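For reference, the structure is listed below as C-alpha cells.
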Amino acid sequence: MLQPIQDALRRNDNDTAIRLAREALASLPSSPDVLHLLAVGLFQKGQFGEATDTLAQAIALAPDRAGFY
C-alpha cells in the first residue's frame, strides 16, 4: 500500500501520491505512515496548511517516529 505512494512521490507525481494516500486512508484512517506520505505530497504541491495539519495527525499517532519531524 505504501510503495505506490512512495513511487509517485519519487516521480514528483504529487497528484497521484495524494490520490493514492487518500484512498488508502479510507480503509486505514489511523495509519501514521500514510498520513506522513500524504503530508509530503501536499507539501510538495505547496498546500502547506493542509500538509501541516496532516503531519500533526501523523505525529500524534506515532510521536516516536523521528522521521516525521
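Summary of values
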| read-out | value |
| --- | --- |
| Å² per residue, accessible surface of the chain at 1.4 Å | 58 Å² |
| C-alpha long axis of helix 48-61 to longest principal axis of the chain, angle in ° | 50 degrees |
| Net length gained if the chain between Gln47 and Arg19 were fully extended (0.36 nm per residue, minus Cα distance) | 8.7 nm |
| Helix axis angle, 32-44 relative to the chain longest principal axis, alpha carbon, degrees | 50 degrees |
| Percent carbon-and-sulfur accessible area, the chain, ignoring ligands, DNA and RNA, probe 1.4 Å | 56 percent |
| Dipole magnitude of the chain about its Cα centre (Cβ charges: Lys, Arg +1; Asp, Glu -1), debye to nearest 20 | 100 debye |
| Shape box of the chain [Cα atoms, principal axes, largest first, Å] | 28, 25, 19 |
| On Cα atoms only, tilt of 14-27 relative to the major axis of the chain in degrees | 50 degrees |
| Dipole of the chain, positive direction: furthest Cα of Ala17, His36, Ile59, with charges on the beta-carbon | Ala17 |
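The values are calculated or read from the model by the stated rules, or taken from the named source; none is laboratory data. Computed from a predicted structure; not experimentally measured. Here the Cβ is made from the backbone with ideal geometry for all residues, glycine too, and neighbour counts use every protein chain on show. Protein only, heavy atoms only, side chains kept; ligands, DNA and RNA dropped before computing areas. Shrake-Rupley method; radii C 1.70, N 1.55, O 1.52, S 1.80 Å.
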